[in-house]
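In what follows, a single structure is set out as structure tokens and then discussed.
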Amino acid sequence: MSEEDSVFKRKEGKIIITLFFIVLVFLILLNAWDRHNNSKPGSEVFHTSWELVLVNKQNRLPADYKVKLKEFGKSQSVDKRIYPSLKKMFRAAEKDDMNPVVVSSYRTDAEQKKIRKARIKFYVKQGYSKKEAVSMTDMFVAKPGYSEHQTGLAVDINAEEGKGDELYEWLENNSCKYGFIVRYPDDKSSITGI
């Protein structure tokens, strides 16, 4: 074998090894992509941080999800990890003459079912068919297991005294300073679905 043939064989070997690794990487990526796209809704709800939980109409809360609750205000409970930040945010709002009140927080499956049932019943009493009532309820009340409230990380906040608009504006401008977001801004209902 000539020196020229030997050099060609080495180059050919390097090309084959390189192609092998490219194909291997491609197959690994393809497998990951396939697993991601064929996973059941909600099976990849949780990523690396408890603060980044996606629970909504398409993403179910895992059945084994556990919440450690801490009482907040009158008869409300939140995940104990958000308690300090929520308390700081409320104190700051109070310093600015706002009186925020948590009107809804952590809910069990049973509580979520009860809320849905009551809303459906309300619409039926308004003259809607059962099917229409369920459809209208689906727009605003999550099914059990699909409610952010079941994480203990979501709270509904209202003003205690007629300063609702001022409080909502305050929350839009300040909640991010404490690690929170206004989850359903009025001008984003086409995105949030609520």
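In region 144-176, how many residues are assigned to a helix (DSSP H, G or I) and either crowded, with 17+ Cβ neighbours inside 10 Å or more than 19 Å from the chain's Cα centre (by Cα) (or both)?
15
List the strands (runs of 3 or more DSSP E) inside region 47-120, counting only whole elements, that have at least 3 residues being closer than 18 Å to Ser175 by Cα.
Hits in region 47-120: 100-104.
Tell me, please, whether a residue that is part of a loop (DSSP other than H, G, I, E, B), within 24 Å of Asp187 (Cβ to Cβ), open to solvent by less than 40 Å² (accessible area, probe 1.4 Å) and modelled with pLDDT of 90 or more can be found in region 131-143.
There is at least one residue in region 131-143 that is part of a loop (DSSP other than H, G, I, E, B), within 24 Å of Asp187 (Cβ to Cβ), open to solvent by less than 40 Å² (accessible area, probe 1.4 Å) and modelled with pLDDT of 90 or more.
Can you report the number of residues in region 51-76 which are in contact with a Ser or Thr (Cβ under 6 Å, 6 or more places away or on another chain), open to solvent by 40 Å² or more (accessible area, probe 1.4 Å) and in contact (Cβ under 8 Å) with a residue 24 or more places away in the chain?
1
Restricting region 144-174 to residues that are at pLDDT 90 or above and polar (S, T, N, Q), which is nearest to Met89 (Cα to Cα)?
Asn174
Give region 177-194 a look and list any residue that's outside any helix (DSSP H, G or I) and open to solvent by 60 Å² or more (accessible area, probe 1.4 Å), or say none.
Residues satisfying the conditions are Gly179, Ile181, Arg183, Tyr184, Ile194.
A quick yes/no check of all residues on (1) farther than 30 Å from Glu166 by Cβ; (2) touching a strand residue (DSSP E or B) at 6+ places or on another chain (Cβ under 6 Å):
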residue	(1), (2)
Met89	no, no
Ala92	no, no
Asp96	no, no
Val101	no, yes
Thr108	yes, no
Gln112	yes, no
Ile115	no, no
Arg119	no, no
Val124	yes, no
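Out of Asp79, Asp109, Asp96, I need the residue that is out of contact with any Cys (no Cβ under 6 Å at 6 or more places or on another chain), more than 27 Å from Asp138 (Cβ to Cβ), at pLDDT 50 or above and surrounded by 10 or more Cβ atoms within 10 Å (Cβ to Cβ). Which one?
Asp96
The values are calculated or read from the model by the stated rules, or taken from the named source; none is laboratory data. Since this is a predicted model, take the numbers as computed values, not measurements. For neighbour counting, all protein chains shown are included, and Cβ atoms are generated from backbone atoms with ideal geometry for every residue, glycine included. Only protein heavy atoms, including side chains, enter the accessible area calculation; ligands, DNA and RNA are left aside. Shrake-Rupley method; radii C 1.70, N 1.55, O 1.52, S 1.80 Å.
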